[in-house]
1. Right, residue 432: surrounded by 17 or more Cβ atoms within 10 Å (Cβ to Cβ) and under 19 Å from residue 281 (Cα atoms) or not?
2. Evaluate the following for residue 275: is it touching a strand residue (DSSP E or B) at 6+ places or on another chain (Cβ under 9 Å) and buried (at least 18 other Cβ atoms within 10 Å of the Cβ)?
3. Where residues in region 62-85 are more than 18 Å from residue 104 (Cα to Cα) and modelled with pLDDT of 95 or more, which of them is surrounded by the fewest Cβ atoms within 10 Å (Cβ to Cβ)?
4. If we scan region 405-419, do we find a residue that is over 21 Å from the mean Cα position of the chain (by Cα), outside any loop (DSSP other than H, G, I, E, B), in contact (Cβ under 8 Å) with a residue 12 or more places away in the chain and buried (at least 22 other Cβ atoms within 10 Å of the Cβ)?
5. Mind listing whichever residues of region 281-304 are under 20 Å from residue 385 (Cα atoms) and in a loop (DSSP other than H, G, I, E, B)?
6. It is to be established whether one or more residues within region 245-262 are within 17 Å of residue 139 (Cα to Cα), touching a helix residue (DSSP H, G or I) at 6+ places or on another chain (Cβ under 9 Å), touching a residue at least 40 places away in the same chain (Cβ under 8 Å) and part of a helix (DSSP H, G or I).
7. Out of 37, 93, report the one residue that is crowded, with 20+ Cβ neighbours inside 10 Å and either touching a helix residue (DSSP H, G or I) at 6+ places or on another chain (Cβ under 6 Å) or outside any helix (DSSP H, G or I) (or both).
């Protein structure tokens with residue numbers, strides 16, 4: 001449906017019971033421009049096509065149920081639809097089913113089943129599934145790690161033009177991991193991803209290009225216009241290991257994790273969150289309402305289903321391990337975006353028990369005992385996290401995590417955790433934020 005449809009013909013064919021027309025009409029109701037999407041009409045026409053066994057309609061209905069688009073959030077029913085469509089041979093549904101197994105919503109969390117679903121969808125030519133399968137192989141999720149096969153699958157997805165895979169191949173050429181170290185080919189891959197509209201592509205290209213001369217940049221530009229076809233990966237080039245975490249301060253208790261997230265994970269979170277950004281809000285400590293406050297100038301998106309995919313789930317587990325607190329105690333991961341001049345003025349993350357509005361927050365899992373922040377990109381200037389009472393400043397660096405505990409070991413709020421997000425002077429800042437409670441955080445709290 002790249003061209004505007006002949007709507008009257010589409011409606012006539014749909015009324016005649018032609019499943020493909022019913023599906024396309026349902027998609028049109030969801031994607032129409034200049035007016036609100038008509039979810040009720042979309043559901044009716046998609047259901048009519050699904051009743052005839054039309055797999056794309058089953059998959060589209062399942063996604064509506066995961067998004068709660070006019071039909072209510074129902075992951076179990078969505079999973080059943082994806083399963084039916086997958087068994088009918090629709091790769092997109094098999095990929096969606098993999099995400100549900102991977103992140104554990106609508107299906108019991110099962111990394112091996114997720115990996116198998118991704119492999120089947122990848123074998124059928126689904127580029128996003130190729131990336132998720134490659135991610136499973138690189139992380140050892142659902143089976144043994146296999147960095148060579150991971151790179152091979154990223155290469156197949158890159159050849160298909162998938163921008164996330166282009167960035168993954170670029171990073172491998174940039175760092176000489178399973179592929180030859182070649183900054184020109186790395187830049188070409190990043191440039192190709194940038195042309196495809198992937199935010200990480202332009203970020204990586206802008207970071208790498210200043211280290212190359214004009215001739216090399218021109219060569220990379222020419223290469224980026226051709227299909228990216230990586231060489232076969234080499235076992236002798238496998239690199240592993242991360243920088244050990246270190247203590248940033250003991251008062252307050254702050255710990256730095258320089259390589260907490262990979263570049264791929266950072267860029268994936270940015271790409272997933274960007275279409276869903278909304279003006280960030282804060283809890284009014286007097287009324288308990290969530291309000292817009294000039295103290296926090298930023299936009300945010302919470303990684304809820306279906307944005308909470310296999311990658312997000314894996315990151316959630318990693319943050320829980322390092323914080324040594326159960327993953328179910330954490331609020332959903334929030335992705336924050338700060339443009340030039342945006343900031344978060346000095347504040348504390350814990351709920352002050354003396355403030356009447358804090359009761360709303362405390363009733364949802366108890367006190368915020370810890371905060372995890374992870375920079376998702378390098379910032380041209382500004383954007384540091386500052387602790388003014390202890391003269392501690394953490395500059396932005398892609399993948400660098402900061403864990404600090406808002407309460408002392410006895411559970412009392414620690415006033416020295418006063419911190420701020422310094423104004424962004426140039427460029428933009430992307431940040432992962434996750435607050436961890438003293439008890440389990442209710443799933444229904446969102």
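1. Details: surrounded by 17 or more Cβ atoms within 10 Å (Cβ to Cβ): yes; under 19 Å from residue 281 (Cα atoms): yes.
So residue 432 fits the description; yes.
2. Numbers: touching a strand residue (DSSP E or B) at 6+ places or on another chain (Cβ under 9 Å): yes; buried (at least 18 other Cβ atoms within 10 Å of the Cβ): no.
When the stated conditions are applied, residue 275 does not pass them.
3. 84
4. Here is the first cut: in region 405-419, the ones over 21 Å from the mean Cα position of the chain (by Cα) are 405-419.
Those left that are additionally outside any loop (DSSP other than H, G, I, E, B): 405, 407, 413, 415-417, 419.
Then drop every residue that is not in contact (Cβ under 8 Å) with a residue 12 or more places away in the chain, which leaves 405, 407, 413, 415-417, 419.
Still in the list and also buried (at least 22 other Cβ atoms within 10 Å of the Cβ): 417, 419.
Yes - at least one qualifying residue is present in region 405-419.
5. 281, 293, 294, 295, 297, 298
6. First, the residues of region 245-262 that are within 17 Å of residue 139 (Cα to Cα): 259-262.
Right, trim to touching a helix residue (DSSP H, G or I) at 6+ places or on another chain (Cβ under 9 Å) and you get 260-262.
From the residues that got through so far, the ones that are touching a residue at least 40 places away in the same chain (Cβ under 8 Å) too are 260-262.
Filter once more, so that each one left must be part of a helix (DSSP H, G or I): none.
Scanning region 245-262, I find no residue that is within 17 Å of residue 139 (Cα to Cα), touching a helix residue (DSSP H, G or I) at 6+ places or on another chain (Cβ under 9 Å), touching a residue at least 40 places away in the same chain (Cβ under 8 Å) and part of a helix (DSSP H, G or I), so the answer is no.
7. On the way: 37 fails: crowded, with 20+ Cβ neighbours inside 10 Å.
On inspection, the qualifying residue turns out to be 93.
Yes/no matrix, rows are residues, columns are (1) under 24 Å from residue 327 (Cβ atoms); (2) assigned to a loop (DSSP other than H, G, I, E, B); (3) in the same structural domain as residue 323 (by TED's automatic domain parsing):
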position	(1), (2), (3)
378	no, yes, yes
396	no, yes, yes
402	yes, no, yes
425	no, no, yes
432	yes, no, yes
440	yes, yes, yes
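The values are calculated or read from the model by the stated rules, or taken from the named source; none is laboratory data. Here the structure is a predicted model, which means the values were calculated and not measured. Neighbour counts are summed over all protein chains in view; Cβ atoms, including those assigned to glycine, are modelled from backbone coordinates with ideal geometry.
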